[in-house]
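One structure below.
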Amino acid sequence: MEKLIPLKIRWASQAGIGIAKDDKLLSLAQRSGCRHLLVGFESVEEKSLEAVHKRQNKPSEYKELIRKIHDYGIVVQAAIVMGLDNDSNEVFQKIDYFLQEAEVDIVQLNILYPYPGTKIRDRLQKEGRITSKDWSNYMLAGVNYLPHKMSQQELYDGYKWLLEKKHLLRGDLEKNFQSPGVGAKRRHHPENESGPAPKLPTDSGHTQYDSTSPGTCE
């Protein structure tokens, strides 16, 4: 990164949350032009993180580590996965609270996708929880398995509800790349205030999840 400093470019990258524990690396990233980091927080639930072997991620540390990255003028894009086995339908409000309390700039929300060749798919297949092999549905709002602590409908509705909260703040990203050194403090949006998650209908004419009985899809 030192060789990037004289080039005066601005760049973005992906990093583990551990980067926030290395002040020397953060300082070098900032001086070399880093303005945006995609960080895989994965979950706000400790048990969910342990289940997917992400023990290095500690939800109790998230807020402080994000603040440190912000102190270097770097935007934080948080990647969050929903639908892990320890996620109940309360996880959506917990995610919403985290995003606001920690002043996350941008969020990448993902429903768990059990892709072929992964351990999670092998396990869900053995448990009879895979409900679809329509690969065109393994993206965005597609729900292709039976969650453990909520229904497919609840997972879909919770995902859509979080999207409606407008946490994807493209303006912050655009501004940060136009002006070097811009701080990454998140603006307050009244529409983002937490509240009971409403029941949202599925899109008319298009089923976002396949509720086929487990073991019957081909």
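Using the crude model of +1 on Lys and Arg Cβ and -1 on Asp and Glu Cβ, and no other charge, please compute the dipole size for segment 2-169 relative to its Cα centre, in debye to 20.
The calculation lands at about 600 debye.
If you wrap a convex hull around the Cα atoms of segment 2-169, how much volume per residue is inside, in Å³?
128 Å³
From the residues Tyr115, Gly142, Ser32, which one has its Cα farthest along the dipole of segment 2-169 in the positive direction, the dipole being from +1 and -1 charges on Cβ of Lys/Arg and Asp/Glu about the Cα centre?
Value computed over the given set: Ser32.
Of the listed pairs Lys133/Lys165; Lys47/Lys119; Lys3/Lys24; Lys54/Lys126; Lys8/Lys54, which have alpha-carbon separations greater than 25 Å here?
Where the Cα-Cα span goes over 25 Å, the pairs concerned are Lys133/Lys165; Lys8/Lys54.
So if we plug the beta-carbon distance of Ala12 and Glu90 into 1/(1 + (r/R0)^6) with R0 = 30 Å, what FRET efficiency do we get, rounded to 0.05?
Rounded to the nearest 0.05, the efficiency is 0.40.
Run the simple label-point estimate for Glu61 and Met1 please: 7 Å along Cα→C-beta, distance reported in nm.
Here the modelled spin labels are 1.7 nm apart.
How large are Rg and Dmax for segment 1-50 when only the alpha carbon atoms are used, in Å?
13.5, 44
Where a number appears in this text, it was derived from the coordinates with a stated rule and is not lab data. Keep in mind that what you see is a predicted model, and the values were worked out from it rather than measured. Note that we place each Cβ from the backbone using ideal geometry, even for glycine, and neighbour counts take in every protein chain shown.
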